[in-house]
Amino acid sequence: MSAKVIDGKAAAARLKAGVTAAVAQLKSKHGITPGLATVLVGDDPASHVYVANKQKTATEAGMNSFQHDLPATTSQADLLALLKKLNADPSVHGILVQMPLPKHIDETTVVTTTSSAKDVDGLHPESAGRLVAGGDPLVACTPMGCVMLAKDVLGDLSGKHAVVIGRSKLVGKPVALLLLNENCTVTMAHSRTQDLPAICRTADIIVAAVGKAQMVRGDWIKPGATVIDVGINPVPNAEGKRKLVGDVNYPEAVNVAGAITPVPGGVGPMTIACLMVNTLKACCAQNGITDVAIPTSLPPA
Ligand code: NDP
């Protein structure tokens, strides 16, 4: 039997429609337009494409988008000065500094200089701490998207055994905490985990965030399990050109899983849509607004 293929693009479009409706509500009820500032340092072509997509999506959702393109030679002091200005600007509700940054700039200092209330990437240590301690912080976008997709497929996740492979600050750890908040029983696996295939075979949900092409094999998956593949790995195709594959061996897994995200077209599109959720949420929080429907899950298809 072939798995249900989770259409991340369609899911992201549903989420964006939900955000767009909420932004319209925010404008008509309160006269406030959410503003997203993007900061790009240097001229990495991939980063330019990512940032342009984020700005385009924000504008399409009815938000203001403020672009700050800085040369690769920008000093750390100048970047931090810009962030402090954006922190203080009431028309900017979300700040996104595109990573990676040039080597002479310390990413941790940049993240901690950004106001945690405006850090729509959800990387600020205060947000990470509040995710552990309880509360409703801005959560990193990719983990938020993974959990929304799993809930969209399975409904209530309570009691499900979720195996998260990878423990990075960006993906693995926040995804595990979000799944725990959904009352999953969570196993966090990493490079020192012993007999990972056996652990995966006990999972109702597998989230693979490793960065190793097609590592998770079909026979690691319990029949019917939901597989969320976060990995983005460039590999050469038959003609020697570059193609992207996930951390899961999709051709094998699709015959065993109950539902699976493809790469590309699965988790990736959800990340930008969740950035819009965070910008809206940050805007409402900064203005003390509680009567706007911020999407917390995927709106029905
Ligand atoms: P990191 O490199 O920061 O973390 C990788 C994790 O995988 C580590 O915790 C590491 O364990 C673990 N790991 C490495 N090898 C193994 C192994 N053999 N068995 C089990 N675990 C292993 O990566 P990220 O979390 O930043 O990203 C993971 C993947 O997700 C990448 O492919 C990245 O491109 C992709 N990604 C996709 C996004 C999207 O929008 N779709 C967004 C962000 C990332 P240890 O801690 O022990 O070293």
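Restricting to region 249-283, name every residue that is away from the ligand (no atom under 11 Å from the Cβ) and part of a loop (DSSP other than H, G, I, E, B).
249, 254, 255, 256, 257, 258, 262
What number of residues within region 142-165 are open to solvent by less than 10 Å² (accessible area, probe 1.4 Å) and near the ligand (Cβ under 8 Å from one of its atoms)?
Total satisfying the criteria: 2.
Here is a list of conditions, (1) open to solvent by 60 Å² or more (accessible area, probe 1.4 Å); (2) on the phi > 0 side of the Ramachandran plot, and residue 170 meets all of them except one; can you say which number that is?
Result: residue 170 fails condition (2) only.
Quick check on region 47-88: of everything there that is under 30 Å from residue 27 (Cβ atoms) and of a type in the set (S, T, N, Q), which residue is most open to solvent (accessible area, probe 1.4 Å)?
Result: 67.
Only residues that are open to solvent by less than 70 Å² (accessible area, probe 1.4 Å), out of contact with any helix residue (DSSP H, G or I) (no Cβ under 8 Å at 6 or more places or on another chain) and either closer than 14 Å to residue 298 by Cβ or modelled with pLDDT of 95 or more (or both): list them for region 19-46, please.
Of everything in region 19-46, those that are open to solvent by less than 70 Å² (accessible area, probe 1.4 Å), out of contact with any helix residue (DSSP H, G or I) (no Cβ under 8 Å at 6 or more places or on another chain) and either closer than 14 Å to residue 298 by Cβ or modelled with pLDDT of 95 or more (or both) turn out to be 21, 24, 25, 31, 42.
Need pairs with beta-carbon distance below 7 Å; first residue among the polar types (S, T, N, Q) and within region 158-183, second open to solvent by less than 10 Å² (accessible area, probe 1.4 Å); sequence gap 6+ or separate chains.
From residues that are among the polar types (S, T, N, Q), the pairs are 183/157.
In region 69-87, is there at least one residue being closer than 24 Å to residue 269 by Cα and of a type outside the set (D, E, K, R)?
No; the residues of region 69-87 include none that is closer than 24 Å to residue 269 by Cα and of a type outside the set (D, E, K, R).
Which of the following residues is under 28 Å from residue 297 (Cβ atoms), in contact with a strand residue (DSSP E or B) (Cβ under 7 Å, 6 or more places away or on another chain) and not in a loop (DSSP other than H, G, I, E, B): 235, 186? Outline the logic, then answer.
Working: 235 fails: under 28 Å from residue 297 (Cβ atoms).
Being under 28 Å from residue 297 (Cβ atoms), in contact with a strand residue (DSSP E or B) (Cβ under 7 Å, 6 or more places away or on another chain) and not in a loop (DSSP other than H, G, I, E, B) holds for just one of 235, 186, which is 186.
Within region 178-196, track down each residue that is more than 10 Å from the ligand (Cβ to nearest atom) and under 16 Å from residue 161 (Cβ atoms). Show your work before the answer.
Here is the first cut: in region 178-196, the residues more than 10 Å from the ligand (Cβ to nearest atom) are 178-187, 194-195.
Those that are more than 10 Å from the ligand (Cβ to nearest atom) and under 16 Å from residue 161 (Cβ atoms): 178, 179, 180, 181, 182, 183, 184, 185, 186, 187, 195.
Considering only region 284-301, how many residues are assigned to a loop (DSSP other than H, G, I, E, B) and under 13 Å from residue 27 (Cα atoms)? Before you say what the answer is, go through the steps one by one.
Just the residues of region 284-301 that are assigned to a loop (DSSP other than H, G, I, E, B), to begin with: 287-301.
Checking the rest, the ones that are also under 13 Å from residue 27 (Cα atoms) come to 287, 289, 291-293.
The number of residues fulfilling the criteria is 5.
The values are calculated or read from the model by the stated rules, or taken from the named source; none is laboratory data. Keep in mind that what you see is a predicted model, and the values were worked out from it rather than measured. Every residue, glycine as well, gets a Cβ built from its backbone with ideal geometry; the counts of neighbours run over all protein chains shown. Remember, those area values only see protein heavy atoms, side chains included, never the ligands or the DNA or RNA. Shrake-Rupley method; radii C 1.70, N 1.55, O 1.52, S 1.80 Å.
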